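Peer 1: Encoded as C-alpha cells, here's the structure I'll be asking about.
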There are 6 protein chains.
Amino acid sequence: MSKTVYVTRKERFNAAHKLWHEEWSEQKNFDTFGKCSNPNWHGHNYDLFVTIKGVPDPITGFCMDLKDLSKIINSKVIDKLDHKNLNMDVDFLEGIKSSTENVAIAIWEQIEQDINACGCQLHAIKLYETENNFVEYYGGK
Amino acid sequence: MSKTVYVTRKERFNAAHKLWHEEWSEQKNFDTFGKCSNPNWHGHNYDLFVTIKGVPDPITGFCMDLKDLSKIINSKVIDKLDHKNLNMDVDFLEGIKSSTENVAIAIWEQIEQDINACGCQLHAIKLYETENNFVEYYGGK
Amino acid sequence: MSKTVYVTRKERFNAAHKLWHEEWSEQKNFDTFGKCSNPNWHGHNYDLFVTIKGVPDPITGFCMDLKDLSKIINSKVIDKLDHKNLNMDVDFLEGIKSSTENVAIAIWEQIEQDINACGCQLHAIKLYETENNFVEYYGGK
Amino acid sequence: MSKTVYVTRKERFNAAHKLWHEEWSEQKNFDTFGKCSNPNWHGHNYDLFVTIKGVPDPITGFCMDLKDLSKIINSKVIDKLDHKNLNMDVDFLEGIKSSTENVAIAIWEQIEQDINACGCQLHAIKLYETENNFVEYYGGK
Amino acid sequence: MSKTVYVTRKERFNAAHKLWHEEWSEQKNFDTFGKCSNPNWHGHNYDLFVTIKGVPDPITGFCMDLKDLSKIINSKVIDKLDHKNLNMDVDFLEGIKSSTENVAIAIWEQIEQDINACGCQLHAIKLYETENNFVEYYGGK
Amino acid sequence: MSKTVYVTRKERFNAAHKLWHEEWSEQKNFDTFGKCSNPNWHGHNYDLFVTIKGVPDPITGFCMDLKDLSKIINSKVIDKLDHKNLNMDVDFLEGIKSSTENVAIAIWEQIEQDINACGCQLHAIKLYETENNFVEYYGGK
C-alpha cells in the first residue's frame, strides 16, 4: 500500500497593495473595497503555506527535499513579491486584482509545474493576509 | 475552468459554560465530565474560523465581501455568544449540551442560510475551545 | 561577578467570572463594566507567566528547578483557579473584584513566600485575560 | 441525519534525531540531508495534532472523551518520544528513518486501533517539526 | 502600600511604507535600506502594544478602563495609520523617516497626554513590524 | 533630549542536548534533571531574542542596521548552535552545563563586544527552550 503524505512549507513576504478598479470613481472604489482602496496603498505581512502530496522515498524518508521546495517557492514567488507592490511590481500579477483569492491562485500557477517536475504533486496554497483572513486554493477543486 | 477558492474569517468570543446532565447526580456528572462539570461554571476564549467556498468575482477578486461575512458571523453568532453563558443565555443553544462539538454544529446551522444567500457556500466551522482542543464541522459530511 | 538571570514558567487556567459591584444597580454595573457585567457570567482561557530571579547553581545550571516552580504554581494557584468561578470558588480571591489587575496581585501574594523559600526571588506575574489584554505585577514596584 | 464532526487534540514532545543513511559516507549524508545529518544529533520541539472523526453522543455531546484520547496519545506516543532520541530510543521507529513524514505515519499506526476501539475513527495526524515545516497523514489516502 | 500594576492593550494596523532618504540616489538608498527602499512601497501588519502604569481602583479593580484606553489608541493612532501610507498619509509622521524606531516614538508622543489625563501613566510602546523585529520605547528612558 | 529605544531581533536554532553531571551516577542525574537527563539526548527548537539599546540615527531612523545585528547573531551564535549538540559541538559552551540559563549567559558574552562596537549597547538576551520555559539575561543586572 502506498502511503501518501502531505508536506507543508511556510514562507513569508511583506508587500504593499490596494484594491482598486480603474474604471470606477474613487467613491465607488471606496464603497466596494472600503479602506483597502486607500489611493496611497497599504500593506501586509503575508504568510504563505505550500502543501505538496507524495509518497516518502524508502531511503531518505522524504516526499521531496524541503530545500528544493523552498528554493522553488523563493525563486518563483517570494523573490518577486517580498518588499514589492503587488499592483505594480510583479510580472505574474499583471492585470490581476490583488485580492488574497487572486494572489493565491496566481501563486499556484507560478509553482505547479516545477513542483510536479520533482515527482510530487502540488496540493494546496494557503495564504494569510492577516491573522483573521486567509484563503486556500486546491487547483480549482 | 472555474477556480474555486476557500476563504476563512476568524472571529472570537469569551463565554462561560459547564458540562452537566440534569438527570445525573453531581458525582456522575463529575465522573463523566471531570472538572468541566464545576457547578459554578468555568469559561473559555473561543476562536471561531468560518470557511466559505466560491469563485472569485472577475471584477472585485472576491468570493464574498469579507465585511459581509463578518457581519453575518457577528450578528448571528458572536453577539449572541460573546460574554455570555452558553448554557443559559443563548437562544440557539437551548436544550443542547455545550460541548465544542455541539456548539460548532449549532453555529453552522445558525449562519448557513445567510452565507449561501450571498452566492457562496458555507464549507467549514472550526472552533477552538483551548489551544489544545478544537472541532471541525463540514455540515455533517 | 554574580550573574543574575530571570526564569519564566508559563501555566494556563480556564475560569468563569463577571465584573460586578454588589452595591450598584444592574444599569450602573453595565455602564461601568460593559459586557463583562453579564449576570450569568462569561469566561476566559487565562495564560499565566511567573518570573523568578536568581543566580544559576554552578553544578546544575539552574536558578531553581522548574519542576519545583511548576509544583508551587500548580498547588497554590492553578488547582484553585482552573475550571472555577473566580468570584465564587476561590479562597484567596474572596472579597476581591476579579479584574485581571487584582487577580495578578493576588497570585503574587499566593506564591511569593514559597518561591523565596527556594532561594530565588519572585520577580513578576504576567497574566493574559485575552490575546489583547494583559497585566504585569512586580510586587508593587 | 448523522452529524459527523472532527475533533483534534494537540500534544507536544521534545526529541533528538538525525537524518543519516548508514550505508552512505558522511559526505553523501551531508549532501542529501544537509545540516540535519550532524553526527552528534540535533533536536526539535514537535507539535502533534491527532484528529478523530465521529458523531457526538446525544447525552454527553462528545464524539469521544478527550481525556481518553489524550491517554491513548500519551501512553502510545508521547511517553515513548518525549525527551528521547528518535533514532535510538523508540521501539516503534526501529529501522525507520526519522523524517517527519515517517514519524507521522508511524504515529498513525501506533494509535489507530486504540482510537477505533473507542467507537471513533482516526482521521489525521499532523506533525510540526518546526513552525515552517509540517506533515499531514490520513492513513495513506 | 500602593500596588502599582502595568496594563497592556494590543491593537493592530496594516500600512505601506518605504525607507528612503530624498537627498540620496536610488543606489545609496538601496545600499542603506536594502529591499525596504523599494520605490513602489511595501507594507506590514503592525502589532502595537501600549502599556500603562497605575494602581487599581478599590471599587472597579481597574487602573484605567480598557475601553477608554482602546478609544484613545484608536482615535489618536490606529485610525490615522491603518490602511495608510506611513510616508504620505499621516500628519504626525510628517518629516519623520518611517523606521519602526521612529514610529514607536511618534506613537508615544501622540497618546502620552491623553493617557496621563486619565490618572495613569504611559509606560511603554512596543511595536512589531514583523514577527522577527520589534521596538520598545519608554519615553526616552 | 536623547530618545533611547530598544530594538529586538528574533532568530531560531534547533539543537540537541542533555542535562548531565559527569561525576554523578545515572540515578542521581535522573533524580536531579528528570527526563532531561536521557543519555541518548533530546532536543528543542530554541527561539532567541536579542535586544539592543540606542538612539535612532537622525537620517536613517535606525539605532543599528538590523542586517548588521542579524549578521552578528548568525555568525557568532546561530551558525554554531543550529543543528548541533550543545554539549558536544559548541566551542563557547565547552565545560558549561547546557541549561537555558547558562546558554543565555554564554550567548550574551559571545556577542556583547561586536554589538557595542556598532555604537549600540546589548540590553537583553531572551531564550525560549519551549513555549512554557524561557530565560532572560541582562548582563548580570
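The values are calculated or read from the model by the stated rules, or taken from the named source; none is laboratory data. Bear in mind that the values here come from a model prediction, so they are computed numbers and not experimental data. Quick reminder, even Gly has a Cβ in these numbers, built from the backbone with ideal geometry, and neighbours come from all protein chains shown.
Peer 1: Under 9 Å between Cβ atoms, at least 6 apart or on separate chains: pull out the pairs that start in the range D:20-45 with a residue that is more than 7 Å from chain F (Cβ to nearest Cβ) and free of Cβ contacts under 8 Å to residues at least 60 places away in the same chain and end on any residue that is surrounded by 14 or more Cβ atoms within 10 Å (Cβ to Cβ) and aliphatic (A, V, I, L, M).
Peer 2: D:ASN29/D:LEU19; D:THR32/D:LEU19; D:PHE33/D:LEU19; D:GLY34/D:LEU19; D:SER37/D:LEU19
Peer 1: Another question, if that's okay. Looking at the range F:84-109, which of its residues are among the polar types (S, T, N, Q) and in a helix (DSSP H, G or I)?
Peer 2: F:THR100, F:ASN102
Peer 1: Which of the following residues is farther than 26 Å from A:TYR46 by Cβ and modelled with pLDDT of 95 or more: E:LYS28, E:LYS35, E:LYS80, E:LYS97?
Peer 2: Exactly one residue qualifies, and that residue is E:LYS28.
Peer 1: State the number of residues belonging to the range A:64-100 that are under 22 Å from E:GLY34 (Cβ atoms) and of a type in the set (Gly, Ala, Ser).
Peer 2: Result for the range A:64-100: 2.
Peer 1: Tell me which residues, restricted to the range F:93-121, are in contact (Cβ under 8 Å) with a residue 12 or more places away in the chain and of a type in the set (Asp, Glu).
Peer 2: Hits for the range F:93-121 are F:GLU101, F:GLU109, F:GLU112, F:ASP114.
Peer 1: Just to be sure before I move on: is E:TYR6 assigned to a strand (DSSP E or B), more than 13 Å from chain A (Cβ to nearest Cβ) and surrounded by 20 or more Cβ atoms within 10 Å (Cβ to Cβ) in the structure I sent?
Peer 2: yes
Peer 1: Taking the conditions exactly as written (touching a residue at least 12 places away in the same chain (Cβ under 8 Å), part of a strand (DSSP E or B) and within 12 Å of the chain's Cα centre (by Cα)), does E:ALA124 satisfy them or not?
Peer 2: Yes, satisfied.
Peer 1: Residues to consider are A:ASN116, A:ASN74, A:ASN133; find the one that is more than 14 Å from chain D (Cβ to nearest Cβ), in contact with a strand residue (DSSP E or B) (Cβ under 8 Å, 6 or more places away or on another chain), surrounded by fewer than 19 Cβ atoms within 10 Å (Cβ to Cβ) and closer than 30 Å to D:SER98 by Cβ.
Peer 2: Testing whether each residue is more than 14 Å from chain D (Cβ to nearest Cβ), in contact with a strand residue (DSSP E or B) (Cβ under 8 Å, 6 or more places away or on another chain), surrounded by fewer than 19 Cβ atoms within 10 Å (Cβ to Cβ) and closer than 30 Å to D:SER98 by Cβ leaves just A:ASN116.
Peer 1: Give me the residue from the range A:90-103 that is within 24 Å of B:LYS71 (Cα to Cα) and of a type outside the set (Ser, Thr, Tyr) and, out of that set, surrounded by the most Cβ atoms within 10 Å (Cβ to Cβ).
Peer 2: Ranking the qualifying residues of the range A:90-103, first place goes to A:GLU101.
Peer 1: Moving on. Tell me, please, whether a residue that is farther than 16 Å from B:TYR137 by Cβ and out of contact with any helix residue (DSSP H, G or I) (no Cβ under 9 Å at 6 or more places or on another chain) can be found in the range B:97-111.
Peer 2: The answer is no, given that none of the residues of the range B:97-111 is farther than 16 Å from B:TYR137 by Cβ and out of contact with any helix residue (DSSP H, G or I) (no Cβ under 9 Å at 6 or more places or on another chain).
Peer 1: Give the range E:49-58 a look and list any residue that's touching a residue at least 60 places away in the same chain (Cβ under 8 Å) and either within 14 Å of chain F (Cβ to nearest Cβ) or surrounded by fewer than 17 Cβ atoms within 10 Å (Cβ to Cβ) (or both), or say none.
Peer 2: If the condition is that a residue be touching a residue at least 60 places away in the same chain (Cβ under 8 Å) and either within 14 Å of chain F (Cβ to nearest Cβ) or surrounded by fewer than 17 Cβ atoms within 10 Å (Cβ to Cβ) (or both), then E:PHE49, E:THR51 are the ones that fit.
Peer 1: List every residue pair whose Cβ atoms lie under 8 Å apart, where the two residues are 6 or more positions apart in sequence or sit on different chains, the first residue falls within the range C:59-75 and is of a type in the set (Gly, Ala, Ser), and the second residue, located anywhere, is not in a helix (DSSP H, G or I).
Peer 2: Note: pairs meeting the criteria are C:GLY61/F:LEU19; C:GLY61/F:ILE96; C:GLY61/F:LYS97; C:GLY61/F:SER98; C:GLY61/F:SER99; C:SER70/C:ARG9; C:SER70/C:GLU11.
Peer 1: F:LEU86 versus (1) more than 12 Å from chain D (Cβ to nearest Cβ); (2) buried (at least 20 other Cβ atoms within 10 Å of the Cβ); (3) not hydroxyl-bearing (Ser, Thr, Tyr): which is the lone unmet condition?
Peer 2: Of (1) more than 12 Å from chain D (Cβ to nearest Cβ); (2) buried (at least 20 other Cβ atoms within 10 Å of the Cβ); (3) not hydroxyl-bearing (Ser, Thr, Tyr), only one is false for F:LEU86: (1).
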